[in-house]
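Contents: one structure, followed by commentary.
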Amino acid sequence: MSEPGAEEYLPRGRSLRTLRAAVQDCHGCDLYRDATQAVFGEGPAKARLVLVGETPGDREDLAGEPFVGPAGGVLRKALAEAGIEVDDAYLTNAVKHFKWRPQGKRRLHQTPRAGEVNACRPWLEAEVDAIGPEAIVALGATATRSLFGTKVKVMKDRGKLLKSDLVPLATVTIHPSAVLRAGDDRADAFDSLVADLRAVADAMAA
Ligand code: URA
Ligand code: SF4
């Protein structure tokens, strides 16, 4: 449980390309030990919109790309419904290595601890810095904490335009995996995610 943090692993050059290469050597916390690889963000280098999830899941860990599993499917559908071209957005995560524990033959996702989220934040900040987007959306509590600290809460602040040092427009919403867990309320949860994404799209258009 050591978390020296990612800062000393960041390269001198801060382009997305150099960052993406360097993250594979990060030992800023212990999560690199049990993961296949670091999963960096994906999308246009000059994307106007950055979406931040929690950590790569099982599928992302194997593929080396964010949001290629079930939650990614929900996110892509919600973006399309909100009128946002997924190829115009940059998708990334607050924590770059998959955290899991074994359950039988499966690898069960674990929510990263605050210390791990803090350790990984330099990568996220460097990514956002390199892109210079107009808007950023935190998906779920982990990304919200990483980007806005503990004062902003998903359920209280979702869909609101928030102050951020990083970008002109920022907001938070639920994580797409919350839609998958919503049971009978799945359709409502999905619609509420779309509404929050649409609020950002409208603000960007204005
Ligand atoms: N959930 C996330 O938060 N990020 C991914 O990349 C996949 C699932
Ligand atoms: Fe580094 Fe982040 Fe991976 Fe921890 S999770 S080792 S800080 S890249």
In region 33-61, what residues are more than 15 Å from the chain's Cα centre (by Cα), within 16 Å of ligand 2 (Cβ to nearest atom) and among the hydrophobic types (A, V, I, L, M, F, W, C)?
Ala35
Do any residues in region 142-169 that are closer than 22 Å to Thr55 by Cβ have Cβ atoms under 7 Å from those of residues that are among the acidic types (Asp, Glu), where the two are at least six apart or on different chains, and which pairs are they?
Thr142/Glu54; Ala143/Glu54; Arg158/Asp196; Val167/Glu134
Condition met for Val39 (surrounded by 19 or more Cβ atoms within 10 Å (Cβ to Cβ) and in contact with a His (Cβ under 8 Å, 6 or more places away or on another chain))
yes
Mind checking which pairs have a first residue in region 64-92 that is at pLDDT 95 or above and a second that is of a type in the set (S, T, N, Q) and assigned to a loop (DSSP other than H, G, I, E, B), Cβ under 6 Å, 6 or more apart or different chains?
Gly64/Gln37
Just a yes or no: is a residue in region 131-140 surrounded by fewer than 20 Cβ atoms within 10 Å (Cβ to Cβ) and within 30 Å of Pro11 (Cβ to Cβ)?
yes
How many residues of region 1-46 are farther than 22 Å from Trp100 by Cα and either among the hydroxyl-bearing types (Ser, Thr, Tyr) or more than 16 Å from ligand 1 (Cβ to nearest atom) (or both)? The answer is 18
When every residue in region 130-176 that is within 13 Å of ligand 1 (Cβ to nearest atom) and assigned to a strand (DSSP E or B) is compared, the one nearest to Val194 (Cα to Cα) is Thr173
For region 91-116, which residues satisfy the criterion of being aliphatic (A, V, I, L, M) and buried (at least 22 other Cβ atoms within 10 Å of the Cβ)?
Leu91, Ala94, Val95
Could you give me the residue pairs with C-beta distances under 9 Å whose first residue belongs to region 1-16 and is under 16 Å from Glu125 (Cβ atoms), whose second residue is surrounded by 13 or more Cβ atoms within 10 Å (Cβ to Cβ) and polar (S, T, N, Q) wherever it lies, and which are 6+ apart or on separate chains?
Gly5/Asn118; Pro11/Thr18; Arg12/Thr18
Give the residue, chosen from Ala189, Ala199, that is of a type outside the set (Ser, Thr, Tyr), modelled with pLDDT of 95 or more, out of contact with any strand residue (DSSP E or B) (no Cβ under 7 Å at 6 or more places or on another chain) and in a helix (DSSP H, G or I).
Ala189
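The values are calculated or read from the model by the stated rules, or taken from the named source; none is laboratory data. Since the model is a prediction, treat every value here as computed from it, not as a measurement. Neighbour counts are summed over all protein chains in view; Cβ atoms, including those assigned to glycine, are modelled from backbone coordinates with ideal geometry.
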